[in-house]
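The structure appears below as structure tokens.
The values are calculated or read from the model by the stated rules, or taken from the named source; none is laboratory data. Since the model is a prediction, treat every value here as computed from it, not as a measurement. Don't worry about glycine lacking a Cβ; one is built from the backbone with ideal geometry, like all the others, and counts go over all protein chains shown. Note: areas computed on protein heavy atoms with side chains; ligands, DNA, RNA excluded. Shrake-Rupley method; radii C 1.70, N 1.55, O 1.52, S 1.80 Å.
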Amino acid sequence: MRQMDRRRFLHGAAGAAAGLFSLQDLSAAIQTATTPYQRPRLKITKVSTAVVGGSLHCRIYTDQGIFGQGEAVDAISGAVPIIESFRGHLIGRDPLNVDAIWERIRTAGIFAGAQAGQYITALTAVEIALWDIAGKATGLPIYQLLGGKMRDRVRMYCDSGTNNRKDPNAQKFINQIIDMGFTAAKIDIDDANDPARFDRVNWTANNQEIDNMVDKVAFMRESLPKHVELAVDMHGRYDLGTAKRVAKLLEPFRLLWLEEPVPPENVDAMRDVRESTHTPICAGENLFLRHGFRQLLEKFAVDIIMPDIQKCGGLLEGRKIADMAHTYYIPMAPHAQASPIGTMATCHMMVAIPNALVLEWHWGHPASRHEQWKVYVKEGDILQKGYIYVTDKPGIGVEMNDEAVRKMLRPGQRWFDT
Ligand code: MG
């Protein structure tokens, strides 16, 4: 029984004992304060937002003092007014019916863009805040509400700040990846500024560009110990012929994956690349909802999927996408660039799904990013030697350090309800 409920309940019981209430009064008092099995009764009272760096943070408040915090990334430029537009579906509602609220907002927005994009990303921040409330109200970590945990920790990979032998910072950054205990790293090999490019718009790579790409992979593979796996990102820019040539040439490096060698929208083209190579293919950071992943899975166009859990629809939608992928024997390696709030939220999902591979960490290079990461939540640095241990505290289980994060607020943006 929650504290306020208990107070009301005791007040009623004491009154009855003093003969002020009849038994009927006592029964009514109990029913008002509790529900069967002491399910907490909450109502949403307020919704507010703050845009910090590349993150949209959302706070949802309730009539019993509990508030939840959620985070969205990437597709957030219009998210503040979109979340404003959700208020009618939130205020006065029971926040514990997370999926019902989510589905109501999604289906209400079918003419407002609720199939993908910013509408879904804004909804994602709300969904995660609702899970935080549900965990705090029931005294359970979110992973427990998503089915319980299959593992205690989530393997992280470091998005590398270096990728080539001419970079004066290369050895320093590579040493950091090793010293921080990572067992996987990722580099980008698409280069809009490669001097060998003939055309600023068309993305057909010539032999020199392809040699430059392969050399970046060779350099990183030589520099990292064998136990540190390497993933490579092409950011969905290149044409089909280039994608197939690069995927083939990278086979000897036994990559963890090659990411979006072509854009993900044409699933048949992605499948053509996958069928042409032994290099594992990964895609999905710009796809939304289960619907965005359906054909990718049905057509066996990828070996690994990588939804962004702060973007694609939220924690339960992430779990549903993972479950769909699991029936095709495909693992999930989410894209992520969220703060420790969103990252820990994603970790609750990652420990609850069977097919969790590895999760992205984007805060290593330059070092100032890591300093921001370390002070973002009151718990300090949640990254431990290349892993994040999921917390057993209720809800997301990490608390924003308002004083530190407020200094990172985007200029001109409001800080929640102030
Ligand atoms: Mg990517």
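Remind me, what semi-axes does the chain give for its equivalent ellipsoid, largest first in whole Å, using sqrt of 5 times each Cα gyration tensor eigenvalue?
Over the Cα atoms of the chain, the semi-axes work out to 45, 22, 19 Å.
Between Rg and the Kirkwood Rh of segment 345-418, both from Cα atoms, what is the Rg to Rh ratio?
When Rh is taken as the Kirkwood radius, the ratio is 1.00.
Mind ordering 389-396, 109-116 by average Cβ neighbours within 10 Å, highest first?
Per-residue mean Cβ counts within 10 Å order the peptides as 389-396, 109-116.
With a 1.4 Å probe and all protein chains kept in place, how much accessible area does Asp381 have, in Å² rounded to the nearest 10?
50
Determine which residues of segment 344-368 fall in the zone a paramagnetic label at His227 would reach in this model, i.e. backbone nitrogen under 19 Å from the point 7 Å along Cα→Cβ.
358-359
Which entries of Lys244/Lys320; Lys244/Lys299; Lys226/Lys374; Lys378/Lys407 have Cα-Cα distances beyond 26 Å here?
The answer is Lys244/Lys320; Lys226/Lys374.
Using Cα springs under 10 Å in a Gaussian network model of the chain, which residue among Gly68, Gly161, Gly88 shows the largest mean-square fluctuation?
Among Gly68, Gly161, Gly88, the largest mean-square fluctuation in the Gaussian network model of the chain belongs to Gly88.
As a test of the formula, what do you get for the chain when each DSSP H run with n ≥ 4 contributes -39,500 (n - 2.57) and the sum is divided by the residue count, at 222 nm and rounded to the nearest 500 deg cm²/dmol?
-12000 deg cm²/dmol
Using a Gaussian network model of the chain whose springs link C-alpha atoms within less than 10 Å, name the residue from Thr49, Thr121, Thr107 with the highest mean-square fluctuation.
Answer for the Gaussian network model of the chain: Thr107.
Among DSSP bridges having both ends in the chain, what percentage is antiparallel? Round to the nearest 5.
Approximately 50 percent, going by the DSSP bridge assignments.
From the phi angles alone, apply the Karplus equation (6.51, -1.76, 1.60; θ = phi - 60°) to segment 153-164 and give each ³J(HN,Hα) in whole Hz, x where the residue is Gly or Pro.
9, 10, 6, 10, 10, 9, 6, 6, x, 9, 8, 8
Counting only residues 5 or more places away or on other chains, whose amide H sits under 5 Å from the amide H of Glu229 once H atoms are built in the peptide plane?
Ala184, Ala185
Which residue fluctuates the most in the chain, going by a Gaussian network model with Cα springs under 10 Å, if the choices are Asp191, Asp167, Asp272?
Asp167
Restricting to segment 145-393, compute how many DSSP beta bridges are antiparallel as a %, nearest 5.
Just about 20 percent of them are antiparallel.
Calculate one ³J(HN,Hα) per residue across segment 258-264 by plugging θ = phi - 60° into the Karplus curve 6.51 cos²θ - 1.76 cosθ + 1.60, and present them in order as whole Hz with x for glycine and proline.
10, 9, 6, x, 10, x, x
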